[in-house]
Amino acid sequence: MTGGVSARAWGLYALMAVLWGIPYLFIKEAVDSFSPAAIVAGRTLLGAAVLLPIALHRRALRPALKLWPWVLAFGAIEMAGPFFLLSHAEQTLPSGLTGLLVATVPLFAAGIALARGDRTMLSPARALGLAVGFAGVVVIVAGPGLSVADPATALAAVGEVLLVALLYATAPFIVATKLAHVPSLGTITLSLLAVGVAYLPFALLTQHEVPTIRSGVSLAALGIFCTALAFLGFFALIGEVGPARAPLFTYVNPIVAILLGVLVLGESLSLELLVGFPLVIVGCWLAATGGRLRPRAGARGDDLPALPEPVAMD
């Protein structure tokens, strides 16, 4: 897509910036009375319950079942690991800081692309982006990252979130190389269902208290809005603007996460966070795009990891 952005696309961008910027707030609320395993099980099973009827109607499950080992690998890397690690890390870290650290995904994606032989990652703009982005991470970790708890505990939590970013950066490469011809809806639905079923026994074993209403509502919102509805919105956005432009809303997600953390949860906005935040965002943008404001004419996902073809929704 080389033309302008439609009003529908702008609306989808705004929707995705909120739906994938607000989960950190809901996770922070949910961990107040849910165990991390219970959050993963609840979120994924709720998301699967919403998407399953649509996937059956679209006949999207059969192609995914044919490649079930790779679908399970995708689910493990995109959902099983990250959802648990985020829930565990937010028992220590503020939600806004967590959201900002996850925004380093494009930095890790650029590194993975370089390791896979993409020489464009060595361009001056992208190399500068990697350096600036990781400098921002150092500023954030050395400041608010280590000040929220015991330094060792805080550093471990930061490591968990950065591992999430690495996993999120890896998952699209699995889709692009192994599941490119499988409907996205089938891959996502089957992955959610498998992860939810796998985590359910651990959820039952680790959930030792009666959840509060606030935590329950937050978990329901995570599953319905931030998982099922968010994936549907993302598929629609890919169909509207193409796979190269679609992920650009991720640069707005940390702004939403930080603002909600400050306004709703009363989290502090430190000087180090104010300095590190623009470094991370600018670094991610340079590393992912090479400094271009739009993809080259005729490019299909050159600037970002290839994503699966969208599933038509009506």
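For the stretch 99-121, the tally of residues that are β-branched (Val, Ile, Thr) and modelled with pLDDT under 80 stands at 1. Exactly one residue out of Pro124, Pro172 is under 22 Å from Leu229 (Cα atoms), open to solvent by 20 Å² or more (accessible area, probe 1.4 Å), modelled with pLDDT under 90 and not aromatic (Phe, Trp, Tyr): that is Pro172.
Looking across the stretch 220-229, just one residue is surrounded by fewer than 20 Cβ atoms within 10 Å (Cβ to Cβ) and closer than 20 Å to Pro183 by Cα, and that is Leu229. Considering only residues in the stretch 256-286 that are outside any loop (DSSP other than H, G, I, E, B), buried (at least 21 other Cβ atoms within 10 Å of the Cβ) and of a type outside the set (A, V, I, L, M, F, W, C), the one that is modelled with the highest pLDDT turns out to be Gly261.
Exactly one residue out of Leu93, Leu51 is open to solvent by less than 20 Å² (accessible area, probe 1.4 Å) and part of a loop (DSSP other than H, G, I, E, B): that is Leu93. For the stretch 200-211, the count of residues that are open to solvent by 10 Å² or more (accessible area, probe 1.4 Å), at pLDDT below 95 and in contact with a Lys or Arg (Cβ under 8 Å, 6 or more places away or on another chain) is zero.
The values are calculated or read from the model by the stated rules, or taken from the named source; none is laboratory data. Keep in mind it's a predicted model, so treat the numbers as computed, not measured. Using ideal geometry, Cβ is built from the backbone for each residue, glycine included, and neighbour counts are taken over all protein chains shown. All accessible areas refer to the heavy atoms of the entire protein, side chains included, with ligands and DNA or RNA removed. Shrake-Rupley method; radii C 1.70, N 1.55, O 1.52, S 1.80 Å.
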